[in-house]
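One structure is given below, encoded as structure tokens.
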Amino acid sequence: MAQFDVHRNTGQRRETIPYVVVVQSSLFDKYRRRVVVPLVRRSALGNPNAFVGSRMNPVFTVEGVEVVLHPLEMVSVALEQLGEKADSLARDGDRIADALDELLTRSWA
């Protein structure tokens, strides 16, 4: 599995959060855990949502489902808890890295 691979969520909240995206660098592949960020079904967020489409909460389409990156819910999961790979967001890696930067940065621009 590679950075920015999208996996199906096998947890209890899979209706609201159908996918998670691996954000962990491949430098740490020897560990049995992966840091992932939930991809929340856009329709589950209600309308209007001021944060949807922002730098921290970009919107993606995975298997025809509009989902929103939700970095505030980032978590580390065991490899065996990840569902099957559904897609890759490697083409959008810069947008995901920007979202994490927004979460972690000290700048208040």
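The values are calculated or read from the model by the stated rules, or taken from the named source; none is laboratory data. No experiment lies behind these values; they were computed from the predicted model shown. Using ideal geometry, Cβ is built from the backbone for each residue, glycine included, and neighbour counts are taken over all protein chains shown. Only protein heavy atoms, including side chains, enter the accessible area calculation; ligands, DNA and RNA are left aside. Shrake-Rupley method; radii C 1.70, N 1.55, O 1.52, S 1.80 Å.
Listed values, structure above:
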read-out	value
Ranking by accessible area, most exposed first, for 87, 29, 5 with a 1.4 Å probe	29, 87, 5
For the stretch 28-73, the Rg and Dmax computed from alpha carbons only, in angstrom	12.7, 42
Relative contact order (percent, whole number), the chain, Cα cutoff 8 Å, 6+ residue spacing	31
Point-to-point label distance, residue 13-residue 59, nm (Cα→Cβ direction, 7 Å offset)	2.1
Separation in nanometres of the label points that stand 7 Å from Cα toward Cβ, at residue 30 and residue 74	2.3
Coil-residue GluC sites (Glu not before Pro) of the stretch 1-71, DSSP, other Cβ within 10 Å capped at 12	15, 63
Loop-located trypsin sites (Lys or Arg not before Pro) in the stretch 60-109, at most 10 other Cβ atoms within 10 Å (DSSP)	106
Extension gain from residue 102 to residue 51, taking 0.36 nm per residue of separation minus the Cα-Cα distance	17.1 nm
Heavy atoms of residue 76 accessible to a 1.4 Å probe, total area in Å² rounded to 10	50
Accessible-area value, residue 10, 1.4 Å probe, nucleic acids and ligands omitted, Å²	80
J(HN,Hα) series, the stretch 73-83, from Karplus relation 6.51 cos²θ - 1.76 cosθ + 1.60, nearest Hz, glycine and proline x	9, 4, 8, 9, 10, 5, 3, 5, 8, 6, x
1.4 Å probe accessible area per residue over the chain, in Å²	62
Formal net charge of residues neighbouring residue 12 (Cβ-Cβ distance under 15 Å; K, R +1; D, E -1)	+2
For the stretch 3-85, the spread of Cα positions along each principal axis, largest first, Å	41, 25, 20
Expected 222 nm ellipticity per residue - DSSP helices of 4 or more, -39500 (n - 2.57), all of the chain, to 500	-3500 deg cm²/dmol
